[in-house]
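One structure below.
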């Protein structure tokens, strides 16, 4: 029986490091889809300058999402389409939720813990050897800002890759919405 309160961790830190890199890259793909929506809302669809405006001033993710939400509301106000506006609101809501996961991955550190796992056939007198397991956790200096009380903040590649899947689903939803608003140029 595994006594750790954490999600499944990794036996090799390289697996964790790989998953972190994949997750951060896929988040950036998703943010690019938000930049595409931003260009449409600014009435400059698919223009690079309008997409870059989304990332100007080194805004933190939450500020970019708020800015996009405001631009979307302004866009939809005179062009009311409840179905498309509802889809956009869902993307914003999901982006806000997943940005916390991205933040933990981006600002966490790959670290190890000892896990005592006697296995399913262990007897009471068996010597239990600790295994070293790896995952992403909060660095000491940021433990209070990245983790709320009672929040488990150490996860391995399995959980990180679940987030990657969520990032990708949201990216596809954003690009589909962009296409439905203004198809890309041929």
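Quick test for you: out of 123, 63, pick the one residue that is part of a helix (DSSP H, G or I) and surrounded by fewer than 16 Cβ atoms within 10 Å (Cβ to Cβ). It is 63. Criterion first (in a helix (DSSP H, G or I), at pLDDT below 95 and within 30 Å of residue 109 (Cβ to Cβ)) does residue 51 satisfy it? Taking the combined requirement at face value, the residue does not satisfy it.
Being surrounded by fewer than 15 Cβ atoms within 10 Å (Cβ to Cβ), part of a helix (DSSP H, G or I) and on the phi > 0 side of the Ramachandran plot is a property that residue 28 lacks.
Yes or no, residue by residue, for (1) in contact with a helix residue (DSSP H, G or I) (Cβ under 8 Å, 6 or more places away or on another chain); (2) crowded, with 18+ Cβ neighbours inside 10 Å; (3) touching a residue at least 24 places away in the same chain (Cβ under 8 Å); (4) under 21 Å from residue 26 (Cβ atoms):
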position: 79; (1), (2), (3), (4): no, no, no, no
position: 91; (1), (2), (3), (4): yes, yes, yes, yes
position: 100; (1), (2), (3), (4): no, no, no, yes
position: 103; (1), (2), (3), (4): yes, no, yes, yes
position: 106; (1), (2), (3), (4): yes, no, yes, yes
position: 109; (1), (2), (3), (4): no, no, yes, yes
position: 112; (1), (2), (3), (4): yes, no, yes, no
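None of 128, 160 is in contact with a strand residue (DSSP E or B) (Cβ under 8 Å, 6 or more places away or on another chain), assigned to a helix (DSSP H, G or I) and either more than 30 Å from residue 67 (Cα to Cα) or at pLDDT 90 or above (or both) except 160. Do we have any residue at all in the range 11-25 that's at pLDDT below 95 and on the phi < 0 side of the Ramachandran plot? Yes, the conditions are met somewhere in the range 11-25.
Restricting the range 79-120 to residues that are part of a loop (DSSP other than H, G, I, E, B), within 30 Å of residue 169 (Cβ to Cβ) and over 18 Å from the mean Cα position of the chain (by Cα), the residue that is modelled with the highest pLDDT is 81.
Here residue 95 meets the list (1) more than 25 Å from residue 22 (Cβ to Cβ); (2) in contact (Cβ under 8 Å) with a residue 60 or more places away in the chain almost entirely, failing just condition (1). Considering (1) within 18 Å of residue 99 (Cα to Cα); (2) modelled with pLDDT under 95; (3) buried (at least 20 other Cβ atoms within 10 Å of the Cβ), the lone condition that residue 174 does not fulfil carries the number (2). Being free of Cβ contacts under 8 Å to residues at least 60 places away in the same chain and either within 24 Å of residue 166 (Cα to Cα) or within 24 Å of the chain's Cα centre (by Cα) (or both) is a property that residue 35 has.
The values are calculated or read from the model by the stated rules, or taken from the named source; none is laboratory data. A quick note: this is a predicted structure, and the numbers were derived from the prediction, not measured. We place every Cβ from the backbone using ideal geometry, glycine too, and count neighbours over all the protein chains shown.
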